[in-house]
1. Can you tell me which of Leu106, Leu88, Leu122 moves the most in a GNM of the chain? Springs connect C-alpha atoms under 10 Å apart.
2. For the chain, set up a Gaussian network in which alpha carbons nearer than 10 Å are linked by springs, and say which option among Pro147, Pro112, Pro22 fluctuates the most.
3. So which residue, out of Val140, Val31, Val120, gets the largest mean-square fluctuation from a GNM of the chain using Cα contacts under 10 Å as springs?
4. How big is the dipole moment of the chain about its Cα centre under a simple scheme where the beta carbon of each Lys and Arg is +1, that of each Asp and Glu is -1, and everything else is neutral? Debye, nearest 20, please.
5. Which value, in Å², gives the accessible area per residue of the chain when a 1.4 Å probe is used on the protein heavy atoms?
6. Need the full-extension length gain, Leu40 to Thr78, defined as separation in residues times 0.36 nm minus the C-alpha distance. One decimal, nm.
7. Ignoring everything except DSSP H segments at least 4 long, calculate the 222 nm mean residue ellipticity for the chain; use -39,500 (n - 2.57) per segment, divide by total residues, nearest 500.
8. What number do you get for the chain when its Cα radius of gyration is normalised by 2.2 N^0.38 Å, N = residues?
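The values are calculated or read from the model by the stated rules, or taken from the named source; none is laboratory data. Predicted model, so just to flag it, every value in this text is computed and none were measured. Cβ placement follows ideal geometry from the backbone for every residue including glycine, while neighbour counts extend to all protein chains displayed. Just the protein is used for accessible areas: all its heavy atoms, side chains included, with ligands, DNA and RNA removed. Shrake-Rupley method; radii C 1.70, N 1.55, O 1.52, S 1.80 Å.
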Amino acid sequence: MSMQVRVKQQMEDLDQRLSSFPQLNKLEKTVGVSKLYVVLGLAGVYFLFLILNMGGPILTNLLAFGMPAFFSIHAIETTNKSDDTQWLTYYLITSFMNVIEYWSNLILYYVPFYWLIKAVFLLWLALPKFNGAAIVYNYVIRPYITPHVLRMCKQASHANTSHTTGAAPYAKTTSTDIPHNL
């Protein structure tokens, strides 16, 4: 299959998906321009701003929040656990990125096209077609970070079960139990 045929199929698929949004259908009728071209035009302007480094931080933060917020609300309202896991993983990764970005802002200023690279990475993480958040989780977080988190949770759980809960331990303590040679 030629590249031209594949691109045409992808555009038809996207147009069909965009038809599920009544606002875009109304916009298409009002403006007289295909909703596909409107969305592709807006995406082109968005990425042009990122390439020119105009408003990069706010544009990438809008991307990091906007689309995932929409899908997160949908995930909360469904009974499927896999979409919950996808968005929890996404937010774990993007939160970590924001912390790192805060502390290395001066260095990132000198990385050419940083905001464009970040936007593409965020799309890779978020879009179900790529499943990037699951890949990062399975190949980075699960083998290197999860064992330590589970160990700490087990230790905390063990510490909580080895002590009596409530006011009883404090009530049993008397002034003779406290060492006076402090």
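1. Leu106
2. Of Pro147, Pro112, Pro22, the Gaussian network model singles out Pro22 as fluctuating most.
3. Val31
4. Working: 13 positive and 9 negative charges, 42 e Å.
Dipole about the Cα centre, nearest 20: 200 debye.
5. On the way: 13980 Å² over 182 residues.
Here the per-residue accessible area is 77 Å².
6. Details: separation 38, 0.36 × 38 = 13.68 nm, distance 2.94 nm.
Full-extension gain reported as 10.7 nm.
7. Values: 10 runs with 133 residues, N = 182.
Counting only the DSSP helices, I get -23500 deg cm²/dmol.
8. Working: Rg = 25.0 Å, N = 182, 2.2 N^0.38 = 15.9 Å.
For the chain, the normalised Cα radius of gyration comes out at 1.57.
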